[in-house]
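Just below is one structure, and these are the notes that go with it.
The values are calculated or read from the model by the stated rules, or taken from the named source; none is laboratory data. Nothing here was measured: the structure is a model prediction, and the numbers come from that model. Please note: Cβ atoms are built from the backbone with ideal geometry, for glycine as well, and neighbour counts cover all protein chains shown.
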Amino acid sequence: MIKKIPEKKQIVISIGILLLVSLVLFVHFRNANEEEVNFDFQEAASLVQATETIPSVLIEGGTKITVDIKGAIALPGVYELNEGSRVHNVIEMAGGFLSDADELQLNLAQLLQDEMMIYVPTEGEEVQENLVNSSGNKDGKIAINRVDETTLEQLPGIGPAKAAAIISYREEHGPFKGIEDLQNVSGIGPKSAEKLTDYIVFN
């Protein structure tokens with residue numbers, strides 16, 4: 001004969017079972033939440049790492065140039081870039097402008113040259129030449145790949161229009177390799193280029 005469990009004992013057992021089930025559910029959901037938090041943290045870390053892109057100027061291969069950047073920039077110093085890089089590339093590598101930098105005084109699209117020194121002025125600072133190139137003159141000759149329009153106008157037969165054309169060609173096609181490249185500039189023919197041979201250098 002089956003013995004009947006007293007009613008009070010049944011209630012106690014039921015309450016115990018409910019408490020046990022509640023405890024199991026509590027532990028289960030707490031572990032699930034912890035796993036979800038851990039997963040979210042790892043996913044966020046992966047996203048941050050994925051956004052840390054390497055500037056294109058750091059890609060391996062190609063001819064390298066070295067430039068020096070100073071002034072109101074986060075990480076001033078000497079940087080190596082691929083030939084054909086622009087001013088904005090080295091500024092990106094150097095951590096960007098400081099809050100008081102006057103970026104309007106810079107031509108961010110200007111083509112970089114080897115051994116170039118770039119100075120980033122602060123707001124209100126007057127700088128006669130923002131892009132100062134070492135070796136602008138060498139052995140009394142003008143480094144045609146490094147100087148500005150004003151310096152180019154010192155050459156025989158080169159006025160403002162031809163100086164501007166030389167700068168424009170240099171920025172679009174890169175540094176001049178020899179006198180033949182110079183003849184590709186609008187307004188400079190073989191005879192004009194030959195006259196410049198004794199006044200310019202290409203390195």
### Query
Tell me, which residue of the stretch 77-105 that is of a type in the set (A, V, I, L, M, F, W, C) and under 19 Å from residue 174 (Cα atoms) is nearest to the chain's Cα centre (by Cα)?
90
### Query
If a residue has to be touching a residue at least 40 places away in the same chain (Cβ under 8 Å) and assigned to a helix (DSSP H, G or I) to count, how many in the stretch 173-203 make the cut?
1
### Query
Residues that are within 26 Å of residue 201 (Cβ to Cβ), among the aliphatic types (A, V, I, L, M) and modelled with pLDDT of 80 or more: which strands (runs of 3 or more DSSP E) entirely in the stretch 83-161 hold 2 or more of them?
116-120, 141-143
## Note on the structure
Per the filter on the stretch 91-118, residues surrounded by 18 or more Cβ atoms within 10 Å (Cβ to Cβ), without any contact (Cβ under 8 Å) to a residue 40 or more places away in the chain and within 22 Å of residue 144 (Cα to Cα) are 106
